[in-house]
Structures are given as C-alpha cells and as structure tokens.
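S.K.: One structure follows; several queries about it will come next.
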There are 2 protein chains.
Amino acid sequence: MADIPIGDFCSLNPLELFQQVTAQGEKVRSLKAEKAAKGEIDAAVQLLLSLKLSYKTATGEDYKAGSPPMDFAPISNGPGDAEVDDFVDPWTVQTSNAKGVDYDKLIVRFGSSKIDKDLINRIERITGQKPHHFLRRGIFFSHRDMNQILDTYENKKPFYLYTGRGPSSEAMHVGHLIPFIFTKWLQDVFNVPLVIQLTDDEKYLWKDLTIEKAYQYAIENIKDVIACGFDINKTFIFSDLHYLGLSPGFYKNIVKVQKHVTFNQVKGIFGFTDSDCIGKISFPAIQAAPSFSSSFPHIFNNRDDIQCLIPCAIDQDPYFRMTRDVAPRIGYPKPALLHSVFFPALQGAQTKMSASDPNSSIFLTDTPKQIKTKINKHAFSGGKDTIEEHRKYGGNCEVDVSYMYLSFFLEDDEKLEQIKQAYTSGALLTGELKKMLIETLQPLIAAHQQRRKQITDEMVKEFMTPRKLAFDF
Amino acid sequence: MADIPIGDFCSLNPLELFQQVTAQGEKVRSLKAEKAAKGEIDAAVQLLLSLKLSYKTATGEDYKAGSPPMDFAPISNGPGDAEVDDFVDPWTVQTSNAKGVDYDKLIVRFGSSKIDKDLINRIERITGQKPHHFLRRGIFFSHRDMNQILDTYENKKPFYLYTGRGPSSEAMHVGHLIPFIFTKWLQDVFNVPLVIQLTDDEKYLWKDLTIEKAYQYAIENIKDVIACGFDINKTFIFSDLHYLGLSPGFYKNIVKVQKHVTFNQVKGIFGFTDSDCIGKISFPAIQAAPSFSSSFPHIFNNRDDIQCLIPCAIDQDPYFRMTRDVAPRIGYPKPALLHSVFFPALQGAQTKMSASDPNSSIFLTDTPKQIKTKINKHAFSGGKDTIEEHRKYGGNCEVDVSYMYLSFFLEDDEKLEQIKQAYTSGALLTGELKKMLIETLQPLIAAHQQRRKQITDEMVKEFMTPRKLAFDF
C-alpha cells in the first residue's frame, strides 16, 4: 500500500477504507513482529486509529476484521425502526432487529426478485401441485430467473437441481433441513436430477480442522441429508474432497471459473484480504462449478447446456452472483436461484446460531426431553411478562421464536393462523405456544432419527458414486 | 485504486508502480469498453503514460504486462562488468549479458547451494557411475538438500524423482530436453520411481488457449518426453487436467498447500497482483503437491514420508521455495532440488527463446536441412568479423552460442576442450565450429524423431494410468 497522509481518507468509499484499515493493521503487526523502532510503530498505530475512525464515520459501524462493508449505503429497516444495519455474507449474518434481517431490503441490495403471488400461482398452475408452505409463507422469498426454469419445464426441456451444505460439524440442527426439505419437494414436483455438494474442502480451509475430520463430518451430514428422503435413483451426493478426485469434468469447470474471476472481484464480493490463504481465494470456483451440467458427465451424458436451479439460503447468493457473471463468458447457461430466509436461533432472530452452543437450536440428535427443555428454557418469547399483561395486550408473533419455528414446521395453514390470532389476542399463553412447538418437533425429529438409523454405509457409498441417474440425456 | 495525482509516484517502489500501471491499464480498458466520454478516456490514458514513464525511470525497463519487477535492488554481475540486471521468475528470464544470467549471484539471491566438486565426487563415489556431463560442466549448478538425498540413498531408504513441463505448444525445442535427459540419467543411476507433471491447467490459465488445446499440447509433449527413453515400469506421467480428476490424494495435498499459503506470500514470491485471476493465484499449490508422495497413493502405497528430488531449471525454484516452506507445516518432508542453467536462444544468451519464433532455437521437429540453415544463419557467433582477425585474436566461447550448445550436447569432454582451445586460439573458424554443432545435433534429433514415431497412443495412455510401479513400498 502506498502511504497516504492522515486526513486524506474522505475521498475513499467504505470498502476502500476497509481495505486500508486491514492493510494498515497488517503493517502494524509486521512492524511489531520485526521489533521495529518505537517511533515507527507509534506512527503506524496512529495512522491505523485514524483510519478506523474514518471507517466508523463513513459506515456508522466499528471496523471488524474479516467483515467488510457489503454495501456502501447503510441499510435502514424502515422509517418506523431505529436505524439498523444488516450484514449478510456466506460466513456472517448479522442484524440487530429481533424480527430478523429485512429481506425486502436484501432483495434490493442483492438485485434479485421477490417471489410474488404471480410466480407462486404459476408454479401451482404448471405443476398442478399445491405450493409448498415454504413458498406460501415467504420462507423462500426471493429468486433469480425462476420464470426461465418454468418456461423450460413447460417446453419439456430438462433442468436440474443443485444444493449443498458446508459440513462444519457432525451436528446438524433443524434449520439445516430447510433447503433439503424444499429441494426434495421441488424434485418430487418437477421430477428432475439433483446434485448435492458437501463443501468439506471449504470447512478444512476455513476452520481449525484436519482434512480427515472435514471429510468425516461430510459423511455424517450426508446421512442426515439422505434421511430427508431423497430418491437414490435421482440424486447424486458428493463431497468435494472425494468427487474432485473422481471427475476430470468437475475440475475442468473449476479451472474455467478460476480463469475468469480476479482477486479484485472475490475481494469485492467476499471481502477476502491479502492475508487470506490462496485456498479461500480460489474456493468460490468450487462452489460455482456444480452449477454447470458438464461437471457431472455421468449424469448429463457430457451435455453442458442444461440449466440448473439452486435452492439455498440467501447468504449463499454471493457465490452464485459470481457464477452468473462468469457463466456466459465460458459458454454455459446461468443458474437460476430460489432464496430462503435464515432460520432463527432459539434465543431470537438477532442472535447467532452456533453448532458449538447446543442451546442455540434444536439438533437432529436431540431427545424428546432435550427438545422440551430447550424450548421451554431458551426459546425467545414474544409474550408479556405476566399472565395478566399477556391476557390484556397479547403476544408478539413477529419476534416469538416458537411461533417462527412453527411457521417453518407446522404445515397446516389454518392451524397456524389460529395460533397466531390466539397468541396475538392473548388467549394463548407462551407456555401453551411452546407446548405446540414441542409437540410438532418431537415426532418430526424422532422420525428423522428413525430414518437416519436405517442409512447404511453402503447407501452412502452408492449415493456418492458417480453414475447415471434415472434420466436420459 | 484511489486516484493518485500525476507526478506523485516518486515515493512508490517499483512493485507498487508496476501495480499502479496494471490497475490504470485496466481502468483505461474498461472506460473504452463502456464507451466513456472521450475526455475521461484521454485523462486516464495520460495518467497511464505518466505511470509507465515513472516505472521506466525507477526500473530502467519498459513496463511489461504480467512481468512485475522481481527484486527492487538491481543486481550487478560483478565489478568487471557493466551494471547488469538479471530477472528470473517462472515466466520471465531476462539478462542483458551475452554470457547469460549470473548464476553465482542467483545462488546467493535464491539461497540455494552450489553444486561443488565435493558433491559431484560424492555422487560418483556413492553411485559408482561417472557423473553426467551436465554435472561435470556446471549445467546443473545449484541444489537444495542433495546431500540429504545421498544420505537417504546410502541408508538404503527410498526417494523419488519429480520433474515437469508446461505444455505451451506442440513444439518442443532441444533446450526442453535438458531436464528430461538429466532426470533419465538420475533414474538410471539411482533406480527410483519418477513422476512427470504436465501443467496444462497452468497453460490454460496463463495463455489464450482452450482447455482442450492445452490438454492436446500436453499429450503431444508427453510423446516427446517418452521418446527420451523413460522406463514405463518406473515412470508415471500425468497432465493436471487429467490426473486431478483421478486422484483424491493429489487434490487433498493441493488443498493442504492452499491452506498454508496466503495471497501476500504468492504476491511476494510470484509478483501476482489483485488483477490476476484466482486460478493463477492458487496454481502454485498444484505445482507444489507432486513434491509429496501421498499425491501418488498408487505408487507409494499411501505413504506420505518419502522424500522427493526435483531436477528443474532454476526459474522454477520459486515454486519449490514455497513448497519447502509449507512442507514441515503439513507434516511432509521438504523436496530436494537440482537446478539447471537456462538454455540459450540461437541469437544469444541475452535474447528470449520463443516457441512462436521458429528461428530462436532448434526444434525437435526440425529436418537436418532446417538444423543446418538455422545454425549457419542464426547461431550467434563469438568469432571475429574477418578470417584474418579471427586467426589473429581468436573467438570467444563465452558468448558463442554454437559452443554453448555443444557444451550441452557433445558428451566427449576431451573433444569439447580441443574445440574450445582451437576456437579461442583462432585455429578453428566459426563456420567449422557451426559444422561440428550441426553434425552433433542432426543425428541426435533424427534419433529422437525416430523414437517418437514409435510412441503409440496406447503407450501414452499406459504412462498416464495411475498404477503401481516396479517398486515396493
């Protein structure tokens, strides 16, 4: 970095300021490591502090290493709210609003399209199926080019589904099921091939894990994925560490993407810095490549023109914005997307769910008793402090985590609406609402555990074997 | 890039200036692509020219896209010479000295060790073989940890050889044979497994080539490599684009290296900039990984502790300096190295050999007549302008390319010494010297062509098949 005199940062935008702070932080660290002269270190620290101040002035936020400003304009959740900044990228989702991230703002910021009534009606008309409650309730709320996919389907042309998961631990929680539950519904309704990527290489690169551990987590997670009920004749599940060494087609597409994306671009999209390892920097190409049918020559008979539809949580969108930018330049169709909202932590939509905190969510391994205790003890309530007040003023479903979870897992629209009205009016107490959630989740998770128990190593192996699926191309 | 006012570049070092020129060049290109206002483009071009001028002032060289300055301090070839800057990295070798790069200086700069008489004697003693003339004549002149390899060999422990080639075109010239000729000798003498990497992915990333073309060049080059006489039972030859999709072991090692090298590090070692594609940035890990025996589980029976010896031209050393830095951190032995000098262009050691200029070297496809014409017409002569002067003052072998080529390809030490003395004394004329080179190269290349003609597609396929070699591990 060329030295820039103090006080000269006003012309820099927040992202440039972020990069200056990062670079200056590195300089200070290296000066200290080299045991440079005190005067030199002090001057560098002074400049760092000044840069951080400029950053805060420009963005309204403290500088946070590794979390660059996604957008240059601070985002407010609307005139009624206090000024709130949401931050969303594949590694961090932050909001200070108990209702969660403002998704309408996110659609504008990311440049995607809202899944509106018209689109949902079209899906119903074309498939002849009642739209999944994730669609009816706006849990999948945003898309890119879904109408193109529906055109393709109407024209009896093929497309395929691609989704995935980063296996950061053995433990998956109920929120991790959302994309898989929805993907299974899409597969059933459209009857198309599905590929599921486990990014064990990503987890090795980002976490303090060995390669062996990351791969082992992938295998354990695959068992939970299979337990969602995917059809072995229509579904290929792969771990990067395993499949990359089995398919020259996959690697060729990775290199093609890597040739057409610069460090400047991934820096802008993902906030990587010069101190990041080259594995992280080139990883986005590995998540991009399964968007192209030639990455799976065994399924698509070497065809490279079959479009892909990706259901995923919206924090994964940066990968696919990049992919859609590259696709036409390497002669492939752009993937279409369906984006879901985030699954809230038990403690509330503004807190972080963490695999290392067993109380932050309901895990797929929890016993009925654990489920009951966790919900009763930790699920953030939108109810009032006393029964009297609650009866009088009613509860707030918009911030109540038990209600939010029910909106994900209780399929009956009418029943959900009754619950909402009863809770809002104060007729339903928090304890009663929690009981309903407990009674919804206990059998759902028990059934999942039952199905998972029946997954053998042989089944995992077969799902992971590159092979022809029950479709002709 | 923050805008920098014209005339303010004096405080930047050459590398920073190089990055500024590169960034400004991109800005000009994108302004033109966007059809920006003429005034805006003109101003950007003005700034670009001014930056290029500053770069030339600071470095004494014209800015060349993709070739950043390697070192900030100019390197002198010694007090007797005019001040000379050598530049050596995997993509550029530059010297203004007709004798070629100053290799003693390079040893100091790269931190390697000279191959001295003691080491050569030890090789002779241990193997019971006369050292190859490339060793006797200092063509392989530098090493890292070669004594460790000899210890290993004396202790009857295994090691293996790894060398490679970047297949930038179908056409290989005689200089490309140097590492392969020497590697074959090493394999014969030590009787060890050998792996040969064709970096077709690298060529796809760096050149204006399709993936298919890069792979095709790899296959054509492999035929020339096989024609050097390698034993199919002891040698595995692979293209990255092909083998990466066949071996999870290889990819795992690539990711391990990628986790332990930052962008800052590859920027320092290879001069990458923010405008480089992420494929280039992560590529060094792909050249590093074959240094580890677990990249070839079929050969080494999954052992990861077998050391590797890499014979290569010294411009490849940056890759392996990086590899040696990473190796202990991922639990693997550091590769040892043997470095060769560069093979000079016909026009002289300070000019650039280029596959696109057929007259810059003798190609392996040249006819006897082409060899004769090229040498007579283009080989830079160290002789005097007239026969009278030549007889009186003698020729200069140090800059004479025909003599240099003979030192590579004429095995008979005594004969070479006689030629040197006769030429230096003036007894041997340039035309006579050239005739000797022609008569050395014509049969050598004819024999190579003869052997290459017998290489079938089946043989190529077998060399490229991951398999057990004739060694037990």
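The values are calculated or read from the model by the stated rules, or taken from the named source; none is laboratory data. From a predicted model like this one, the values you see are computed outputs, not experimental measurements. Glycine also receives a Cβ, built like all others from the backbone with ideal geometry; neighbour counts cover every protein chain displayed. Note: areas computed on protein heavy atoms with side chains; ligands, DNA, RNA excluded. Shrake-Rupley method; radii C 1.70, N 1.55, O 1.52, S 1.80 Å.
S.K.: Projected area of the stretch A:89-346, taken from the Cα convex hull and averaged over every viewing direction, in nm²? Intermediate results must be reported in sequence, preceding the final value.
M.R.: Values: hull surface 55.0 nm².
Result: 13.7 nm².
S.K.: I would also like to ask the following. Near the amide H of A:Val261, under 5 Å away, which other amide H atoms are found, from residues 5 or more places off or on another chain, if H is placed in the peptide plane?
M.R.: Under 5 Å from the amide H of A:Val261 lie the amide H atoms of B:Ile278, B:Gly279, each far enough along the sequence or on another chain.
S.K.: Compute the convex hull volume of the Cα atoms of the stretch B:120-210, divide it by the residue count, and report the result per residue in Å³ as a whole number.
M.R.: Roughly 120 Å³ of hull volume per residue.
S.K.: Could you go through the stretch A:140-156 in sequence order and give the Karplus-derived ³J(HN,Hα) for each residue, using 6.51 cos²θ - 1.76 cosθ + 1.60 with θ = phi - 60°, rounded to whole Hz, and x for Gly and Pro?
M.R.: Each residue's phi maps through the Karplus curve to give 9, 10, 9, 8, 10, 6, 5, 5, 5, 4, 5, 4, 3, 5, 4, 7, 6 Hz.
S.K.: Now a separate question. Could you pull the copy-to-copy label distances for A:Lys105, with points set 7 Å along Cα to Cβ, in nm to one decimal and sorted shortest first?
M.R.: 5.9
S.K.: Report Rg (one decimal) and Dmax (nearest whole number) for the protein assembly as shown, counting Cα atoms only, units Å.
M.R.: For the protein assembly as shown, the Cα radius of gyration and maximum Cα-Cα distance read 32.6, 120 Å.
S.K.: Please list the non-local residues whose amide H lies under 5 Å from the amide H of B:Ser142, H modeled 1.01 Å from N, same-chain partners needing a gap of 5 or more.
M.R.: B:Ile115, B:His339
S.K.: Between A:Thr365 and A:Glu411, how many nm apart are label points set 7 Å from Cα along the C-beta direction?
M.R.: 2.8
S.K.: Could you list which residues have their amide H under 5 Å from that of A:Cys308, counting only those 5 or more apart in sequence or on another chain, with H placed in the peptide plane?
M.R.: A:Tyr160, A:Ala336
S.K.: Ok, one more. What FRET efficiency would be calculated for the residue pair B:Lys105, B:Ala33, taking the C-beta separation as r and a Förster radius of 60 Å, to the nearest 0.05?
M.R.: According to the calculation, E is roughly 0.90.
S.K.: Return the calculated 222 nm mean residue ellipticity for the protein assembly as shown, to the nearest 500 deg cm²/dmol, obtained by summing -39500 (n - 2.57) across DSSP H runs with n ≥ 4 and dividing by the residue count.
M.R.: Value at 222 nm, helices only: -14500 deg cm²/dmol.
S.K.: Treat every Asp and Glu Cβ in chain B as -1 and every Lys and Arg Cβ as +1, leave all other atoms uncharged, and give the resulting dipole magnitude about the Cα centre to the nearest 20 debye. Mind showing how you got there, number by number?
M.R.: Numbers: 56 positive and 59 negative charges, 178 e Å.
For this selection, approximately 860 debye.
S.K.: Along the charge dipole of the stretch B:308-372, pointing to its positive end and built from +1/-1 on Cβ of Lys, Arg, Asp and Glu, which listed residue (B:Leu346, B:Leu364, B:Met322) has its Cα farthest out?
M.R.: B:Met322
S.K.: According to the Kirkwood expression over distinct Cα-Cα pairs, how big is the hydrodynamic radius of chain B, in Å?
M.R.: It works out to 24.2 Å.
S.K.: Got a number for the accessible area of B:Ile107? Probe 1.4 Å, square angstrom, nearest 10.
M.R.: Number for this one is 20 Å².
S.K.: Can you give me the relative contact order of the stretch B:89-346 as a percent, contacts being Cα pairs under 8 Å and 6 or more apart?
M.R.: 24
S.K.: I would also like to ask the following. Just the accessible area per residue of the protein assembly as shown, please: how many Å² with a 1.4 Å probe?
M.R.: I get 42 Å² per residue for the protein assembly as shown.
S.K.: Taking each pair of different alpha-carbon atoms in the stretch A:170-273 once, compute 1/r for the pair, average those values, and report the inverse of that mean as the Kirkwood hydrodynamic radius in Å to one decimal.
M.R.: After inverting the mean inverse Cα-Cα distance, the result is 15.7 Å.
S.K.: Given a 1.4 Å probe and no ligands, DNA or RNA in the count, how much accessible surface is buried by B and A, both sides, to the nearest 100 Å²?
M.R.: 3500
S.K.: Accessible area of chain B with a 1.4 Å probe: how many percent of it is carbon plus sulfur?
M.R.: Answer for chain B is 51 percent, counting heavy atoms of protein chains only.
S.K.: Also, quick follow-up: Taking a label point 7 Å from Cα toward Cβ, how far is A:Asp304 from its twins in the other copies, in nm, shortest first?
M.R.: 3.4
S.K.: Quick check for me: using +1 on Lys/Arg Cβ and -1 on Asp/Glu Cβ, what's the dipole size of the stretch A:216-293 about its Cα centre, in debye to the nearest 20? Before the final figure, lay out the partial values.
M.R.: On the way: 7 positive and 6 negative charges, 67 e Å.
Using Cβ point charges on Lys, Arg, Asp and Glu, the stretch A:216-293 gives about 320 debye.
S.K.: Once phi is turned into ³J(HN,Hα) by the Karplus curve 6.51 cos²θ - 1.76 cosθ + 1.60 with θ = phi - 60°, what whole-Hz value does each residue of the stretch A:251-261 show in order, with x for glycine and proline?
M.R.: With coefficients 6.51, -1.76 and 1.60, one gets 4, 4, 5, 4, 5, 4, 5, 4, 6, 10, 10 Hz.
S.K.: Suppose every Lys and Arg Cβ carries +1 and every Asp and Glu Cβ carries -1, with no other charges. What dipole size does the stretch B:337-441 come out with about its Cα centre, to the nearest 20 debye?
M.R.: 380
S.K.: Additional query: Would you work out which of B:Asn155, B:Ala336, B:Val255 lies farthest towards the positive end of the dipole of the stretch B:89-346? Charges go on Cβ: Lys and Arg +1, Asp and Glu -1.
M.R.: B:Asn155
S.K.: Could you calculate the contour length gain from A:His298 to A:Asn376, that is, 0.36 nm times the residue separation minus the distance between their Cα atoms, to one decimal place in nm?
M.R.: Details: separation 78, 0.36 × 78 = 28.08 nm, distance 4.90 nm.
In short, 23.2 nm is gained.
S.K.: In nm to one decimal, list the spacings between the B:Gln129 label point and its equivalents in the other copies, with label points set 7 Å along Cα to Cβ, shortest first.
M.R.: From this label point to the equivalent ones elsewhere in the assembly: 6.7 nm.
S.K.: Over the stretch A:418-473, how many percent of alpha carbon pairs lie in each 10 Å bin up to the one with the longest distance?
M.R.: Result returned by the calculation: 19, 23, 20, 16, 16, 6.
S.K.: Cβ under 14 Å from A:Val341's Cβ, A:Val341 left aside: what net charge do those residues give with Lys, Arg +1 and Asp, Glu -1?
M.R.: So the environment of A:Val341 carries a net charge of -1.
S.K.: To continue, here is another question. Within 10 Å of each candidate Cβ there may be at most 13 other Cβ atoms; applying that plus a DSSP loop requirement, which trypsin sites (Lys or Arg not before Pro) in the stretch B:306-404 survive? It would help to have the intermediate numbers written out before the result.
M.R.: On the way: sites: B:Arg321, B:Arg324, B:Arg329, B:Lys352, B:Lys369, B:Lys372, B:Lys374, B:Lys377, B:Lys384, B:Arg391, B:Lys392; in loops: B:Lys352, B:Lys384.
Here the sparse-neighbourhood loop sites are B:Lys352.
S.K.: Further question on the same structure: Using the Karplus curve 6.51 cos²θ - 1.76 cosθ + 1.60 with θ = phi - 60°, work out ³J(HN,Hα) for each residue of the stretch A:186-192 in order, rounded to whole Hz, and write x for Gly and Pro.
M.R.: 4, 5, 4, 6, 9, 6, 10
S.K.: Check cross-link reach from A:Lys377 to the lysines: straight Cα distance under 28 Å, and skip same-chain residues fewer than eight apart.
M.R.: Here the lysines satisfying the reach criterion relative to A:Lys377 are A:Lys99, A:Lys352, A:Lys369, A:Lys392, A:Lys415, A:Lys420, A:Lys434, A:Lys435.
S.K.: For the stretch B:331-429, just run the numbers: alpha carbon Rg, then divide by 2.2 N^0.38 Å, N being how many residues it has. Write out the running numbers ahead of the final one.
M.R.: Working: Rg = 16.6 Å, N = 99, 2.2 N^0.38 = 12.6 Å.
Cα Rg divided by the expected 2.2 N^0.38 Å: 1.31.
S.K.: Can you work out the FRET efficiency for the pair A:Glu398 and B:Arg321, with r the C-beta to C-beta distance and R0 = 41 Å, to the nearest 0.05?
M.R.: 0.10
S.K.: Can you tally the net charge around B:Gln442? Count Lys and Arg as +1, Asp and Glu as -1, for every other residue whose Cβ sits under 13 Å from the Cβ of B:Gln442. Kindly include the intermediate steps, with their values, before the conclusion.
M.R.: Working: positive: B:Lys369, B:Lys372, B:Lys374, B:Lys434, B:Lys435; negative: B:Asp366, B:Glu439.
It works out to a net charge of +3.
S.K.: Taking the dipole about the Cα centre of the protein assembly as shown, with the C-beta of Lys and Arg at +1 and of Asp and Glu at -1, give me whichever of A:Asn301, A:Gly128, B:Ser168 is farthest to the positive side.
M.R.: A:Asn301
S.K.: Going Cα to Cα from A:Lys156, which lysines come in below 25 Å? Please leave out same-chain ones fewer than 8 positions away.
M.R.: A:Lys117, A:Lys130, A:Lys184, A:Lys234, A:Lys334, A:Lys468
S.K.: Measuring from label point to label point, each 7 Å out along Cα→Cβ, what is the B:Ile330 to B:Cys228 span in nm?
M.R.: 2.5
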